[in-house]
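What follows is one structure encoded as structure tokens, with my remarks underneath.
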Amino acid sequence: MKKILYFFIILLSIATQAQSFMINPYGRDNAVLLNGKWNAIIDLYGRGENKKFYQNRKPESKTDFVEYAFDSGLRLNVPGDFNSQIPELKYYEGNVWYQRYFTVEKNEEGRQFIYFGAVNYKAAVWLNGIEVGRHEGGFTPFQFEVTDIVKNGENDLVVLVNNDRQVDGIPAMNFDWWNYGGITRDAFYIETPNTYISDYKIQLKKDCKDVISGYVQLDGTTTPNEIEILIPELNIYKKIAANEKGIATFEIKAKPQLWLPETPKMYDVKIINNENVIQDKLGFRTIETKGSNILLNGKPIFLKGINFHEEIPQYLGRACSDADAAMILSEVKALGCNFARTAHYPQNERLLRMAEEMGIMIWEEIPIWQGIEFTNPIILKKAETMLQEMIYRDKNRSNIIIWSIANETKPTAARDSILTKLVSFTRSLDDTRLVGAAFDNCYFNEEASTFRLQDKVTNVIDVVGINKYIGWYSPFPIEPENIKWEVAEGKPVIISEFGSEALYGQHGEADVASSWSEEYQENNYKMNIRMFKNIPNLIGISPWILFDFRSPNRYHPRNQNGWNRKGLISDKGQRKKAWYVMKQFYKEK
Ligand code: GCB
């Protein structure tokens, strides 16, 4: 018994090693991208740690025998998932070793870091043969300080990536998207002064349109320091003192033009501590609920949304670049949306920043997706770490209005308790946004012709998302306009998913689901829209989904063939008939 307890304590301490990282690597002077071709070794049987691949050893004598080599082998792009890069890796789940050299002129006075935007799902990192750290979680950044390890001149960086699905993972063993593994986002080598700005929050004070408030956090000092915040367009040149813990808090009277989807005003901001200068672009807005409304800058708003995965269907891989973000987001705009749900995980920072500049509000979610092992004590810790990393990274993005803690989880005592704790935890990290979750346990009461949802977690969140595939996973019980909804009364409700599958170019009966036809999907959209009019507290819709996306969960050989076909746009970029229905609906809204 003691042994088991000890084992759990060890496990907990490993998984909870919250990895702090500096925010906004994009706005820093000495941040060098480590993107490009990396050497790689596929380690199907997981032998590499044992064989010490991280030493990247070369034979030292005629009789020395080394049975692996990074040089002159496989080359993989970073950022990028490995599954899409060579056909042999399409279905691969397991270990892949990455290696590259990089040369630096080391500033002996400063500090040095290796930073990853995301590695799916687990990463272990070695620099010059020395392990610098590990990280779990496929969609958030992490960094390791390497000041004592990095050398002037050539350095040897090795990363072990593992994308095995985990019973106690988030997400767990089953999910409806491709399990892309790899160093899927930008990697950086970052040099900072000894004391540097690690974090800042510069946003409107809660429920207040004329006070900008927040903090700046320094890392590395115990003596008071001066910090400057410059927002020239608002005539703000503020000097504040950081205390011995390196924290400077502030409140500044200001009247910024507020960020709105139609006019997404952004301000150039500089944060300075001695020679450490960080640039950012920030928007300012308030978001709150009032009864069953969501108020943006004090006014009720309807969220015209869409879901999308971080995937480019045309090249069957994870989206990671600005060009990828532009492709996805331009289609979000073309549909007439002011809102998107970045299902089902934090997507890359490039995309979120671009969405902010384009006026697209965001529901951002951690990958708690069905089938999570809520009875395992480690899950709460892992979920908290993911929430913390997501909120820490994105708290300055004015377009993010909802932090979502879960998607389609079954009510049980363990799940209720964990989700309730996650709600409080989210609010403790950021009280200026709304907390939401998506539910699929909404059922039809025939006597009352009414959809109802009984779920304790709806009582503790601000916005309730309903995923309901009427006309696909279950038929319409009665005519759409006769269906009533009594769900989370008095609170804002978003239809966070609905839809049906259609193969682009396939035509058939509009009332036969098994036709997989564009006509069926089109009609299904029309029927759902007729029903939505009866949801009194409906303040937003995000159909499932913008593009057809790859999923091993989709087995029909002809109509799916490894694709979820609920896209309004096909994998080749063609708009299906339902796209036009949604476009028209948003135009009239
Ligand atoms: C859902 C899930 C989403 C799936 C979708 C579907 O409820 O949230 O991840 O892809 O349904 O197509 O079944």
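Since every read-out is calculated from the coordinates, none of them should be taken as a lab result. All values reported here derive from a predicted model rather than from experimental measurement. Neighbour counts run over all protein chains shown; Cβ positions are idealised from the backbone, glycine included.
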Requested in this report: Could you tally the net charge around Glu145, taking each other residue with its Cβ under 10 Å from the Cβ of Glu145, Lys/Arg +1 and Asp/Glu -1?
Outcome: -1
Report summary line: Plugging the Cβ-Cβ distance of Leu33 and Lys583 into 1/(1 + (r/R0)^6) at R0 = 51 Å yields, to the nearest 0.05, a FRET efficiency of 0.85
**Report entry** Contour minus Cα-Cα distance for Ile86 and Gln454 (0.36 nm per residue)
**Finding:** 127.8 nm
Report task. At 7 Å along the Cα-to-beta-carbon direction for both Glu251 and Asp71, put a label point, then send me their distance in nm to one decimal. Result -> 6.2 nm
**Report entry** Potential extension, Glu105-Met173 segment - 0.36 nm per residue separation minus Cα distance
**Finding:** 20.1 nm
**Report entry** Only Lys, Arg (+1) and Asp, Glu (-1) charged, at Cβ; region 485-589 dipole about Cα centre in debye
**Finding:** 340 debye
**Report entry** Contour excess over end-to-end distance, with Cα ends at Lys421 and Thr147 and 0.36 nm allotted per residue
**Finding:** 95.0 nm
**Report entry** For region 273-331 and region 362-396, distance of Cα centres in Å
**Finding:** 19 Å
Query raised in the report: Hey, can you list the DSSP H helices of the chain whose Cα span along the axis is 15 Å or longer and whose average Kyte-Doolittle score is at least 0.0?
Result: 2-16, 322-334, 413-429
Query raised in the report: Quick one: Ser404, Ser398, fewest Cβ neighbours within 10 Å first, how do they rank?
Result: Ser398, Ser404
Report summary line: Any GluC sites (Glu not before Pro) in region 73-154 that lie in a DSSP loop and have at most 16 other Cβ atoms within 10 Å would be Glu93, Glu105, Glu108, Glu109
Report summary line: Label model pair Ile130, Glu486: point-to-point distance (7 angstrom along the Cα→beta-carbon line) in nm is 6.6 nm
**Report entry** Distance in nm between pseudo-label sites at Glu233 and Lys205 (7 Å out along the Cβ direction from Cα)
**Finding:** 2.3 nm
Query raised in the report: If r is the Cβ-Cβ distance from Asn445 to Lys58 and R0 is 56 Å, what FRET efficiency results, to the nearest 0.05?
Result: 0.20
Requested in this report: Round to a whole angstrom and tell me the spacing of the C-alpha centers of region 509-576 and region 423-449.
Outcome: 24 Å
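Fewest first, what order do Ser496, Ser198, Ser417 take by the number of other Cβ atoms within 10 Å?
If I rank by nearby Cβ atoms, fewest first, I get Ser417, Ser198, Ser496.
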Requested in this report: Assuming a ≥ b ≥ c are the square roots of the Cα gyration tensor eigenvalues, decide whether the chain counts as rounded (a/c under 1.5), prolate (otherwise, with a/b larger than b/c) or oblate.
Outcome: oblate
Report summary line: Packing-ranked peptide list from 45-54, 422-431, 517-526, highest mean Cβ count within 10 angstrom first, is 517-526, 422-431, 45-54
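What's the FRET efficiency of Ser428 with Phe302 using the Cβ-Cβ distance as r and R₀ = 41 Å, to the nearest 0.05? Let's see the in-between values first.
Details: r = 30 Å, r/R0 = 0.73.
For Ser428 and Phe302, the calculated efficiency is 0.85.
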Query - chymotrypsin sites (Phe, Trp or Tyr not before Pro) within region 528-568, DSSP loop, no more than 14 other Cβ atoms inside 10 Å - result: Tyr555
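Could you give the size of the charge dipole of region 431-526 about its Cα centre, using +1 on the Cβ of each K and R and -1 on the Cβ of each D and E, expressed in debye and rounded to the nearest 20?
On the way: 7 positive and 17 negative charges, 84 e Å.
So the dipole magnitude of region 431-526 works out to roughly 400 debye.
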Report task. Per DSSP H run of at least 4 residues, take -39500 (n - 2.57); add these up for the chain, divide by its residues and hand me the 222 nm value, nearest 500 deg cm²/dmol. Result -> -5500 deg cm²/dmol
Report task. In debye, nearest 20, what is the charge dipole magnitude of the chain about its Cα centre with +1 on Lys and Arg Cβ and -1 on Asp and Glu Cβ, if you could check? Result -> 660 debye
